[in-house]
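Undergrad: Quick one: the structure is below, questions incoming.
The values are calculated or read from the model by the stated rules, or taken from the named source; none is laboratory data. Just so we're clear, the structure is a prediction, and the values are computed from it rather than from any experiment. Counting neighbours? That spans all protein chains shown, and the Cβs are built from the backbone with ideal geometry, glycine included.
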Ligand SMILES: [Zn+2]
């Protein structure tokens, strides 16, 4: 294996923290992780044959195009597993977020102390409270499914009472 050659390739991806590899004699697979803005990581994986990269995979929406370009590869647009297969162990961006949500919010209320996700019912109450306090509370559309934080808090209160922890 030409370690220095492979090291040069790995150095072309400073965004990736390389983690593990397998294979032998320059026919190897190496993968690593990429930091994201949320608490998750994206992966990057390169397959080498004879010490030269021949495939690169990454889950990063931000970097995949650029990564492919650095190796002069064209970016094959990948497809979502949820669009083709149906298994219980897959990431569902489309519907599952909605099904996990017990108390869907319908809007974002811009309260003086910051935005609050609210259902219609709580939005009414919060706006009324805002008026009472002389604050003009406006609401805007949700950009992604979210829970109504007031409903969630109330349900937690109920659970605690039910569990006898009060
Ligand atoms: Zn609510």
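Undergrad: Mind counting the residues in region 127-138 that are under 30 Å from the mean Cα position of the chain (by Cα) and within 16 Å of the ligand (Cβ to nearest atom)? So that I can check it myself, show each step before the final result.
TA: Step one: list which residues in region 127-138 are under 30 Å from the mean Cα position of the chain (by Cα), which gives 137-138.
In the following step, the residues that additionally are within 16 Å of the ligand (Cβ to nearest atom) were identified as 137.
Count: 1.
Undergrad: Of the numbered conditions (1) part of a loop (DSSP other than H, G, I, E, B); (2) at pLDDT below 95; (3) surrounded by 13 or more Cβ atoms within 10 Å (Cβ to Cβ), residue 91 satisfies every one except a single condition; which is it?
TA: Condition not satisfied by residue 91: (3).
Undergrad: When residue 117 is evaluated against the numbered criteria (1) surrounded by fewer than 11 Cβ atoms within 10 Å (Cβ to Cβ); (2) part of a strand (DSSP E or B), which criterion, by number, is the only one it fails?
TA: (1)
Undergrad: Given (1) outside the structural domain of residue 35 (by TED's automatic domain parsing); (2) modelled with pLDDT of 80 or more, identify the lone condition not met by residue 63.
TA: Status for residue 63: all satisfied but (1).
Undergrad: Look through region 139-153, keep the residues that are more than 9 Å from the ligand (Cβ to nearest atom) and in a loop (DSSP other than H, G, I, E, B), and return whichever of them is modelled with the lowest pLDDT.
TA: Going through the qualifying residues, I end up with 143.
Undergrad: As an exercise: evaluate residue 102 against (1) more than 10 Å from the ligand (Cβ to nearest atom); (2) free of Cβ contacts under 8 Å to residues at least 40 places away in the same chain and give the number of the one condition it does not meet.
TA: Just one mismatch for residue 102, condition (2).
Undergrad: Going by the structure shown, is residue 45 touching a helix residue (DSSP H, G or I) at 6+ places or on another chain (Cβ under 9 Å) and free of Cβ contacts under 8 Å to residues at least 24 places away in the same chain?
TA: Values: touching a helix residue (DSSP H, G or I) at 6+ places or on another chain (Cβ under 9 Å): no; free of Cβ contacts under 8 Å to residues at least 24 places away in the same chain: yes.
Considered against the rule, which asks whether it is touching a helix residue (DSSP H, G or I) at 6+ places or on another chain (Cβ under 9 Å) and free of Cβ contacts under 8 Å to residues at least 24 places away in the same chain, residue 45 comes out as no.
Undergrad: If I ask for residues that are part of a helix (DSSP H, G or I), surrounded by 15 or more Cβ atoms within 10 Å (Cβ to Cβ) and under 20 Å from the mean Cα position of the chain (by Cα), which ones from region 51-86 would you list? Walk me through how you get there before you give the answer.
TA: Just the residues of region 51-86 that are part of a helix (DSSP H, G or I), to begin with: 64-70, 81-84.
Now restrict to residues that are surrounded by 15 or more Cβ atoms within 10 Å (Cβ to Cβ): 64, 67-68, 82.
Selection gives 64, 67, 82.
Undergrad: Of the numbered conditions (1) exposed (fewer than 10 other Cβ atoms within 10 Å of the Cβ); (2) under 30 Å from residue 123 (Cα atoms), residue 24 satisfies every one except a single condition; which is it?
TA: For residue 24, the exception is condition (2).
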